[in-house]
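Take a look at the structure set out below.
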Amino acid sequence: MDESKIINGKEISDIIKAEVKRETEELKAATGITPGLAFILIGDDPASEVYVRSKGKACDSLGFYSVTEKLQSNVSEIEVLDLIQRFNDDNNIHGILVQLPLPRHINEEKVIEAIDYRKDVDGFHPVNFGRLVIGSSSYIPCTPYGIVELLKRSKVNTNGANAVVIGRSNIVGKPIANLMLRKEINSTVSICHSATNDLRDFTLNADIIIVAMGKAEFIKSDMIKEGSVVIDVGINRVDDTSKQRGYRLTGDVDFNSCFEKVSKITPVPGGVGPMTIAMLMKNTLDSAKGKIYR
Ligand code: GUN
């Protein structure tokens, strides 16, 4: 297996976290400011608990201050909004992250818009999203930001490339499509989704495919072009009796069948996943530095 084809997200995220750690030490020494990140976790979704715990651990290892507020799934919307307001007003907090998804009785849009956009290190607030599209400075959502860093640091030629994004979510598809359009990336972008006719016509012409559709191993070798770069954002559980835990994690791409054809590909796990946390740390550091908004 030609290992050089694999974009190692674990390795690249470790480099970024080391950069953030060093800059955090410098910031503390120069100003006395410690980057602070507040997590709000509502309910008892096991996946969300795992994510928040690992984000908290990253804060500890990089020298950030962090606080996690865990709320019961029956908490009222008002209580959530009040807690957000408290963190908005707290000068020790530079980033606020409300872990999604939320219980159904809580309005996600309202919650996101209650976060001070200057502390919205997830980049989900309409102000940040709008500024991202315009190309002004803003917090960039962590997963798309991570994908851009993977492409840059793996020296993928994006200039004039046909980039095909599969998935139109606010967290991944829409922001990454807009980022790929930026002058410094300069790709031609198509956004495909579940209602796209003849998806293959797009994927077979793609120099870069970014897949965030949530369907295990959907993208097969006969759907991609020789030499393409494949970025797999999916994380799916599929039953696997050969594993002790009874399942394995796999992406939206059939890695083994596509590997021969691609010039570069991200594995799952160990590709895009680890980048998300690294970029969250980077956004929070930038907030503490007053780099995005003063
Ligand atoms: N749920 C899944 N991904 C994310 C993310 O990037 N941020 C938040 N807040 N919740 C999520």
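A few comments on the model shown:
- In this simple spin-label approximation, LYS220 and SER137 carry label points 7 Å from Cα along the Cα→Cβ vector, and these lie 4.9 nm apart.
- Lys, Arg +1 and Asp, Glu -1 on Cβ, resulting dipole of the range 121-269 about Cα centre, debye, nearest 20: 380
- Computed over the range 124-265, the P(r) tail beyond 19 angstrom holds 51 percent of alpha carbon pairs.
- Counted over the range 7-86 with a bin width of 10 Å, the fraction of Cα pairs per bin, in whole percents, is 16, 37, 30, 17, 1.
- Here is the list for the range 72-173: trypsin sites (Lys or Arg not before Pro) lying in DSSP coil, each with at most 12 other C-beta atoms within 10 angstrom of its C-beta, are ARG104, LYS155.
- Note on the chain: with charges restricted to the Cβ of Lys and Arg (+1) and Asp and Glu (-1), its dipole about the Cα centre is near 560 debye.
- FRET efficiency for ASN157 and GLU11, using Cβ-Cβ distance with R0 set to 22 Å, rounded to 0.05: 0.60
- Hydrodynamic radius of the range 163-207 per Kirkwood, over alpha carbon pairs, in Å: 10.8
- Note on the range 130-183: semi-axes of the ellipsoid equivalent to its C-alpha gyration tensor, largest first and rounded to whole Å, are 17, 13, 12.
- Loop-located GluC sites (Glu not before Pro) across the range 86-186 with a Cβ neighbour count of 12 or fewer within 10 Å are GLU184, with loop assigned by DSSP.
- Global geometry of the range 47-116, whether rounded, prolate or oblate, following the gyration tensor of its Cα atoms and the 1.5 cut on a/c: oblate
- Among the listed pairs LYS21/LYS243; LYS243/LYS282; LYS17/LYS70; LYS215/LYS264; LYS5/LYS119; LYS28/LYS174, a Cα-Cα separation exceeding 29 Å is found for LYS21/LYS243; LYS243/LYS282; LYS5/LYS119; LYS28/LYS174.
- Here the chain is described by how far its Cα atoms reach on the three principal axes: 53, 41, 36 Å, from widest to narrowest.
- Taking only alpha carbon atoms, the range 44-188 gives an Rg to Rh ratio of 1.00, where Rh is the Kirkwood radius.
- The range 196-285 - Rg and Dmax from Cα coordinates, angstrom: 14.4, 43
- FRET efficiency for the THR34 to VAL238 pair, using the beta carbon distance and R₀ = 41 Å, is estimated at 0.50.
- Protection proxy ranking of 236-245, 5-14, 270-279, 207-216 - average other beta-carbon atoms within 10 Å, highest first: 270-279, 207-216, 5-14, 236-245
- DSSP assigns beta bridges within the chain; of those with both partners inside it, close to 10 percent run antiparallel.
- Contour excess over end-to-end distance, with Cα ends at ILE78 and ASN186 and 0.36 nm allotted per residue: 34.6 nm
No value in this document is a laboratory result; all are computed from the given coordinates. Just so it is clear, the structure is predicted and the values come from calculations on it, not from any experiment. Because the Cβ atoms are built from the backbone with ideal geometry, glycine has one as well, and the counts that use them run over all protein chains shown.
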